[in-house]
Structure formats: C-alpha cells, structure tokens
1. Kindly work out what percent of the DSSP beta bridges joining two residues of the chain are antiparallel, to the nearest 5.
2. Measuring from label point to label point, each 7 Å out along Cα→Cβ, what is the ARG192 to TYR174 span in nm?
3. Taking the inverse of the average 1/r across all pairs of different Cα atoms in segment 27-125, what Kirkwood radius in Å do you get?
4. If you fit an axis through the alpha-carbon atoms of helix 13-22 and take the longest principal axis of the Cα set of the chain, what angle between them do you get, 0 to 90°, nearest 10?
5. Please give the peptides 341-351, 383-393, 251-261 ranked by average Cβ packing (other Cβ atoms within 10 Å per residue), highest first, as a rough proxy for protection.
6. Ordered by packing density, taken as the mean number of other Cβ atoms within 10 Å over each peptide's residues, highest first, how do 291-297, 18-24, 102-108, 213-219 rank?
7. Could you quote the convex hull projected area for segment 274-334, Cα atoms only and averaged over all directions, in nm²?
8. Rounded to the nearest 0.05, what FRET efficiency do ASP132 and GLU389 give with R0 = 35 Å and r taken as the Cβ-Cβ distance? Could you check?
Amino acid sequence: MYDVIVVGARCAGSPLAMLLARKGYRVVVLDRASFPRDTVSTHYVQPSGLARLRRWGLLDRLTATGCPPVTEALWWFGETSVRGFAPPHGDIAMALAPRRTVLDALLVDAAREAGAEIRESCTVRSLVRDDDGRVTGVRCQEQGGAEHTLSAPIVIGADGRDSLVARETGAEKYNSRPPLTVVYYTYWRGLRPERRHRNEVFLEGDKQIGVIPTHDDAYLIQAARPHDFFGEYRSDIERHYLKAIEEAAPALASELADGAERVERFRGSASLENFYRKPYGPGWALVGDAGYHKDPLTGQGISDAWRDAELLADAVHEVRSGHTDWDTAMAGYERLRNAASELIYEFTCEAASFEFDPMTRQLVRVLAENRDEADRFFGVIAGTVPAEEFFAPDNLLSMLARLPAEALAEITGTEGTR
C-alpha cells in the first residue's frame, strides 16, 4: 500500500514524487518509458522554473550538463523587433532549453534519490475504484510481466495532455480552445555564434519560427503554421518547414542553406488543444499537461508543470497530515493554478492564432522602442513580472500614451487627436 501513486514520470510526475517523498510519503511512479528517452518538446525552461530547480537542489546538476544559458530574447513581429530579457528571478538571469533526454532522466534520478519508487517500462491499463466510485489504485503491467494491481488513497495523473487518468475519471475541460497551430521542428548545427545565448522568435503573417540553443552545440528550430494547414504540412514536412522559414525569417533561411547541418529527423504535433481540466475528484488529481495545456509558442509548459507540482505536493501534504479535507485542499490547488496561469494562457492563445488586435500591435511598437518595457514584457512570459501588473489597465494606458495620435486612432477606431 502506497500513500500516492503517480502516473507519468516526466516533467510533472517526477518532481511531484520527489517533493512528496522528501515529506516522508511512500510514493510510486509508473511510466511506460524507460529513461533516458526523448519526447516531443521545445525544451524551454523559464527563469521562474530554474528558481524552483535551484530550490530543489537540482540546478547545478543541470548546468553541469553543458546546456547553454539563454540570456537574450529577440522577437520579430514582421519588420518590428523587440529585444530584451526578463528581469532576474532572484539571482537567476537566464533560461535553459535542455534536451528532454537529459532533463527527464535528471528528474527521475532525483525522485528516486528522494525515496520514491520508480517503475519504468510500466504501462497503466486502468484505474481501480471502490464501491463508492473513489479511485483507490491502478492496474498496470510491466514489460514482459503480468497485469497486477497497486493500491493507494491518492492517484495522480501526470501523464500528459492525453492523460489516461483524466479520461477514465471524466475530468471536465473548461475554457477550452481548439488546436491553433501545427508545429514541426528539428535540430541544426553550424549557426552563427551570436545565436548561442539567444531565444529568437519570428512572427510573420501565418508563420511562427522559433530558434532555441540546446545541448551538443545544436539549435532546436521550429516552424509553426495554423492548424488547418496540418494536412498540407504533413504531405511534405521538410519542404513546408523550409518554405515557412524562408518567408518568415529569410536571413535564417540563408544561414541554414549556407553550411548549417540538420542533425536529426523532424518531430512535431498538431494535437495542441488549449484547455483547463478540473484537476481533482474522489481519490485522484491531475498535474502538468494532464490538467492544463496550451500551445507551446510561449514556452511555458515545463515551468508551469514544476509550479503546479509544488502546489499539488503542498495540497496533498495538507490532506495527509490532517490539516484540511481533500476537497478543500484540491479546490485551493485549482484556484492557485488558474490564477497563476490565466493571463499568460490568454496571451498564448492570441499569439498562436496569428491574429493580434490593434492594441497588441501598437503595444509591440512601444516595446520595440523601450528596452525597459521590453524587459518587463519578457518578464511576464518568464514568470518574473506579474502578468496582472503588466496587463493592468493603468500600465497599458501609460504605455499607449507614448504613441502618436494615428496609432491611438487605430486602437479606438477614431481619427481623434492627442
């Protein structure tokens, strides 16, 4: 009998198991993969995520793997460029984009060292319930073995956006948006040295290109298109990928053609629905992409998973230590998760739609001309500037007041003067 069963051992599951094991709970983590093993991901860890990794005693381990620090952001909105970087989170003034083969194995090892039992190559087949419908365990099967049952009063789904735990419990989705983009990416070597510490994004028409440095002197370069382009994109991935880069980032396209080397196959997905799920019910909870998922354009997934792992670990501890009841603790977890994510969720969905309203287009002009404001904008994305502070009406009005009269007229739909 375990205290907690965690289904899924990647960016949400292993940190959650580590935190619970450090609190003295008996935890088992089940994953059908064996580690290290790659997965579809754009890798990016925001400074707020790295601050958690340091608090857990794992940041030095990650930096020792040779992942290059990202210390500059450069976003292109057509011809307009916004350059800056997020204000530090404490003394952390960088982001990292580690390969998932490195990061996930590091997190699994940390959970195991904390005392969690890790069962790799173990597939969860279904949930187990008592006569009242409360989840009390799982039926699982290890590679080459027979199906068997594990029991615990709490089962947590950290098993991604297509979560079995969410599906079997009927976890309700809300504030959902359909998939907005289709994304394919691969890895390149041989780019110009000045890119080595830069996260660069190109937004041009209905194309979004991202360039992110990662391990082994390689760069992840992704090309996103609107979701309805999926069928055509899939018909010839390489051609459409290179064409998107040529049209949205011609200088980058020339760089790739002039001696850069593609070093891996293409990966990607069109299954990028945006949603929240009710993250708990009798005997079960959800964390990471299982409970909350959005388009990867703004690079939030890993850092959000770590934030929510901390929130859920604290909530579980409140219940198991007798300080509060299950429903109260889990409702608090959901409330804190949603409050921390709602504004960046809306911004991500707007950016992934490739359609910016007039106010956003004019704010980009302000950011392009004011490095301090650009840094604060990147701070919202990085989790070092509160989104509610940056998007507060008074702050937006203050920034818009710097615009000429014709720009304000575009926002208001009038021809008024200042």
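1. Antiparallel bridges: around 70 percent, rounded to the nearest 5.
2. So the two model labels end up 4.9 nm from each other.
3. About 15.4 Å, per the Kirkwood formula over Cα pairs.
4. Between the helix axis and the principal axis of the chain, the angle is about 60 degrees.
5. So the order, starting with the most tightly packed, is 341-351, 383-393, 251-261.
6. Values: 291-297: 25.6, 18-24: 21.4, 102-108: 23.0, 213-219: 19.0.
In descending order of packing, they fall as 291-297, 102-108, 18-24, 213-219.
7. Mean shadow area of the hull around the Cα atoms is 3.9 nm².
8. According to the calculation, E is roughly 0.20.
Coordinate-derived values only; no laboratory data. Bear in mind the structure is a predicted one, so any value in this text is a computation, not a measurement. With ideal geometry, Cβ positions are generated from the backbone for all residues, glycine too; neighbour counts draw on all protein chains shown.
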